[in-house]
Amino acid sequence: MDIAASLLAEAIKAGTPLLFATLGEVYCERSGVINLGLEGIMTIGALTGFATTFITGSIWMGFLAAMLAGGVFSLIHAFASISLGVNQTVSGLATVMLGTGISSLLGKRYVGLSLRDRLMPMTIPFLSEIPVLGGFFRHDPLAYAGIVIAIVMWYVLFKTRIGIIIRAVGEKPEAVDAAGVNVYLVRYICVFLGGVLGGLGGAYVSLYYTPGWREGIMMGRGWIALALTIFSLWNPIGSVLGAFLFGGVEVLQFHLQEYGVPASLLGALPYVVTIIVLTTSSFGFMRRKLGVPAALGKPYRRES
Amino acid sequence: MLNIRVLINLGNDQNYLVEMRGIVKMFPTVVALNNVDFRVKKGEIHALLGENGAGKTTLMRILYGMYRPDEGEVFIEGRRVNISSPKDALKLGIGMVHQHFMLIDRLTVLENIALSLKGIKVSFKEIRNRIEELSSIYGLKINLDAKIWQLSVGEKQRVEILKTLYRDVKLLILDEPTSVLTPIESEELFKSLRKMVESGKSIILITHKIDEALNVSDSITVLRKGRIVASEIKRDEANRLDIVSMIVDRPIDFKPNRIKKDVSDSRIVMEVNNLRVLDDRGNIAVRDISFVLREGEILGIAGVAGNGQKELIEALTGLRRIENGYVKIFGIDVTNNPVGKMTSLGIAHIPEDRLRYGVALDLSVADNIIMKLYRKKFSRRFFLDEATIKKEAERLIQDFGIVVPSIWTPAGFLSGGNIQKLIVARELSMSPKILIASNPTSGLDVASTNYVHWALHRLRASGSSILLVSEDLDEILSLSDRILVMRDGKIVKEFKEESSINDIGLAMTLKET
């Protein structure tokens, strides 16, 4: 196994939790709701996944429970920002604090425990032996699933009528309302979906990537996913590239330490890139060009 | 009880597609509709006529399920119905084209139409075929793959109409459809509407233009201040003067004088030299224009919309970058100066895009009125002077006949016409030395239009100068001392003396002579 291939494999592994979270946030923001609570939702998913697997002994039960927990937990933000129309930034930040807080409290007894059931990588014969690109073909089922989900989500968003509705809700909800579509329902579904995928991403970390539960397990992955959503220009295919790129940065951080590059500097790298991406895309003219959903962050109220 | 009523209705009202009875709608502190009865027959164009804020749009939004009435009943083909959302309305065969289009700029025409068909199982191919069929039947041409932002206003309206036709509506409601169209586009629209009526559909035309109602509709219902004044006037029985007096409850006494003032010796207040301005897409919109505005004159700029007038005005008021050339005001170079500087030099602006540049919708009427002068006129030392603000706001509301529950109501609650009046009132109250006005009376009813014209004349009489851009040629002709015609970003002709509407119309559309 050559070094390049194994680096690529590690980048994909590190990028997969980011990918799930980003895909969810893309749909959420396409529908006009910005969910800053991702870090909290992922943490909830990580704990639920770990605890469920620990209790039931089944890792798949763990993933399922994590998705459900992420989805249900994100409904808090959905209710506040869609039904009550409160400021989405405030509600999102509250969701982070609530999610990480609850998880630390309830997760105390799971700290330091380990699991029996493990996710096994499915190495594809022959293909995985190709130099460099072989890194694509030695993964667990979920990493493969992430790529498939991204393609399906891209197709739905841009090639189907469901996708038109989601994009339209994020651009001009009053037009969708006039067409007789329930704007609130579409947004609830998108936020829920975002929560489900966020929970899955969280559980991927606690069940597979760095198995175990501890406080601060997400290490800011939720925030990176938010930046990736913008980086990908709200496009599921772009999310794949972005997530693996940032996964690569995370992996390089470990490897370059051997050559005397300080770990803290590399640790900051994803955030530096995040800031650059966020500033570039915040210029008015870029905003229009990049396709920022026009109604992003704006609560919808039917006038009456 | 209810059942008996339904039976009676079935017997009586076979010819009526829509019947609204005893409709009452209250908004915070105003009664928008007061016990309104309204009926529309099958296969007719029915004009719903009235001033701004009379309640026309509110009544139709109730019919389309966007508002719930506080009292009253709606019957469709004699059957009592409960319309609680646009979805319900569409199911009953009622479609509506709003004044502000419900289209998503970044999607294509096809995608927009597909969006409106939610719940109906069709493929994109089916939609394409059907739309092409509908286009040819009703004469509504459209490019299905164009993005909405690439379309003209007339084309956008066609998309809206096609959306409703696709749903096979029995009744089509159009809210002030011609207010955004050129005369030729309006003619085309009316032809299409005629074809729809011939195929058995009914159409409700919300309008404040009397001639439009008289020329196009089969019958007319007049609303005034939330009450029905006259209903179902047949076209051949309608008398223009009677209808005017029904619509307006204030006497109209102002006739603008057509006496042109010769100001060629007066001093120059604004000098525009070789001005070049780009549009939003980076194309040249204003091509090296030069002209002067003199003290005490009204200079009209005529032209078909989209020939650079908008960009010119925005450049002159500091809203858009000037690429080349200069603008001097009272001899001072103000090229690319910020808007605030312009205001402090005594320039007022009635913008074309009133919702974007004219008002802050979430602020109160009073706040909007003091917006430009709060530093000078309305503050005492550090604090706002409530008493002066209140007095001024109430005076302007009175003078301009702005229909508003209270001066503390957010401007967003006002109807389009009343917002326009609010802007005009504020800008004129600044007693500006130069007023740059873009379509100052668009969307206003007869009485308000007259009032604005009178106010512009009064402003000129006081020695101020006005640069007037308008798509309404009659307005330009009756007000201006001098007229420039703009086409393709250039000034193609200047009219100094009394001139005919035909000459100007020709200059607007033909190549240079």
(request) Within region B:368-393, work out how many residues are of a type in the set (A, V, I, L, M) and in a helix (DSSP H, G or I). (result) 5
(request) Tally the residues that are more than 10 Å from chain A (Cβ to nearest Cβ) and buried (at least 23 other Cβ atoms within 10 Å of the Cβ), restricting the search to region B:114-140. (result) 0
(message) Checking the conditions here, which among B:VAL122, B:VAL81, B:VAL109, B:VAL97 is under 26 Å from B:LYS195 (Cβ atoms), among the β-branched types (Val, Ile, Thr) and without any contact (Cβ under 8 Å) to a residue 12 or more places away in the chain?
(response) B:VAL122
(request) Working only within region A:138-172, note down all residues that are open to solvent by less than 50 Å² (accessible area, probe 1.4 Å), at the interface with another protein chain (Cβ under 10 Å from one of its Cβ atoms) and not basic (Lys, Arg). (result) A:THR160, A:GLY163, A:ILE164, A:ILE165, A:ALA168, A:VAL169, A:GLY170, A:GLU171
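Residue by residue, here is whether (1) among the β-branched types (Val, Ile, Thr); (2) touching a Lys or Arg at 6+ places or on another chain (Cβ under 9 Å); (3) assigned to a helix (DSSP H, G or I) holds:
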residue: A:VAL186; (1), (2), (3): yes, no, yes
residue: A:ILE189; (1), (2), (3): yes, no, yes
residue: A:LEU200; (1), (2), (3): no, no, yes
residue: A:ILE217; (1), (2), (3): yes, no, no
residue: A:ILE224; (1), (2), (3): yes, no, yes
residue: A:LEU228; (1), (2), (3): no, no, yes
residue: A:ILE237; (1), (2), (3): yes, no, yes
residue: A:ALA243; (1), (2), (3): no, no, yes
residue: A:TYR259; (1), (2), (3): no, no, no
(message) Conditions first: (1) within 14 Å of chain B (Cβ to nearest Cβ); (2) crowded, with 16+ Cβ neighbours inside 10 Å; (3) among the polar types (S, T, N, Q). A:SER91 passes all but one, so which condition is the exception?
(response) (1)
(request) Mind listing whichever residues of region B:30-78 are in a loop (DSSP other than H, G, I, E, B), within 14 Å of chain A (Cβ to nearest Cβ) and under 22 Å from the mean Cα position of the chain (by Cα)? (result) B:TYR64, B:MET66, B:TYR67
(message) Regarding region A:58-65, can at least one residue be identified that is open to solvent by 80 Å² or more (accessible area, probe 1.4 Å), within 14 Å of another protein chain (Cβ to nearest Cβ) and not aromatic (Phe, Trp, Tyr)?
(response) no
(request) Name the single residue, out of those in region B:79-113 being over 24 Å from the mean Cα position of the chain (by Cα) and of a type in the set (Gly, Ala, Ser), that is farthest from the other protein chains (Cβ to nearest Cβ). (result) B:GLY93
(message) Can you tell me which condition B:THR178 does not meet? The list is (1) more than 26 Å from B:GLY200 (Cβ to Cβ); (2) at pLDDT below 90; (3) in a helix (DSSP H, G or I), and all the others hold.
(response) (1)
(message) Looking at region B:170-191, can you tell me whether even one residue there is surrounded by 18 or more Cβ atoms within 10 Å (Cβ to Cβ), of a type in the set (A, V, I, L, M, F, W, C) and over 24 Å from the mean Cα position of the chain (by Cα)?
(response) no
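Pick from A:PHE50, A:PHE63: which is touching a strand residue (DSSP E or B) at 6+ places or on another chain (Cβ under 7 Å), under 12 Å from A:GLY202 (Cα atoms) and part of a helix (DSSP H, G or I)?
Selected residue: A:PHE50, the only one of A:PHE50, A:PHE63 that is touching a strand residue (DSSP E or B) at 6+ places or on another chain (Cβ under 7 Å), under 12 Å from A:GLY202 (Cα atoms) and part of a helix (DSSP H, G or I).
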(message) Looking at region B:295-318, can you tell me whether even one residue there is modelled with pLDDT of 80 or more, surrounded by fewer than 18 Cβ atoms within 10 Å (Cβ to Cβ), of a type in the set (Val, Ile, Thr) and under 24 Å from B:LYS433 (Cα atoms)?
(response) no
(request) Would you check which residues across region A:264-303 are at pLDDT 70 or above and among the small types (Gly, Ala, Ser) and list them? (result) A:SER264, A:ALA268, A:ALA294, A:ALA295, A:GLY297
(request) Return yes or no: is A:VAL191 within 14 Å of chain B (Cβ to nearest Cβ) and open to solvent by less than 10 Å² (accessible area, probe 1.4 Å)? (result) no
(message) Is it the case, given these coordinates, that B:THR207 is free of Cβ contacts under 8 Å to residues at least 40 places away in the same chain, within 30 Å of B:MET26 (Cα to Cα) and under 24 Å from the mean Cα position of the chain (by Cα)?
(response) no
(message) Looking at the structure I just gave you, is B:LYS87 open to solvent by 70 Å² or more (accessible area, probe 1.4 Å) and in contact with a Gly (Cβ under 6 Å, 6 or more places away or on another chain)?
(response) yes
(request) Exactly one condition in (1) under 25 Å from B:VAL446 (Cβ atoms); (2) more than 18 Å from the chain's Cα centre (by Cα) is not met by B:ALA411; state its number. (result) (2)
(request) Read through the list (1) closer than 24 Å to B:PRO440 by Cα; (2) surrounded by fewer than 17 Cβ atoms within 10 Å (Cβ to Cβ); (3) in the same structural domain as B:LEU467 (by TED's automatic domain parsing), then give the number of the only condition that B:ASP288 fails. (result) (1)
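The values are calculated or read from the model by the stated rules, or taken from the named source; none is laboratory data. Quantities reported herein were computed from a predicted structural model and do not represent experimental measurements. Glycine also receives a Cβ, built like all others from the backbone with ideal geometry; neighbour counts cover every protein chain displayed. Surface accessibility is based on the protein's heavy atoms, side chains included, excluding ligands, DNA and RNA. Shrake-Rupley method; radii C 1.70, N 1.55, O 1.52, S 1.80 Å.
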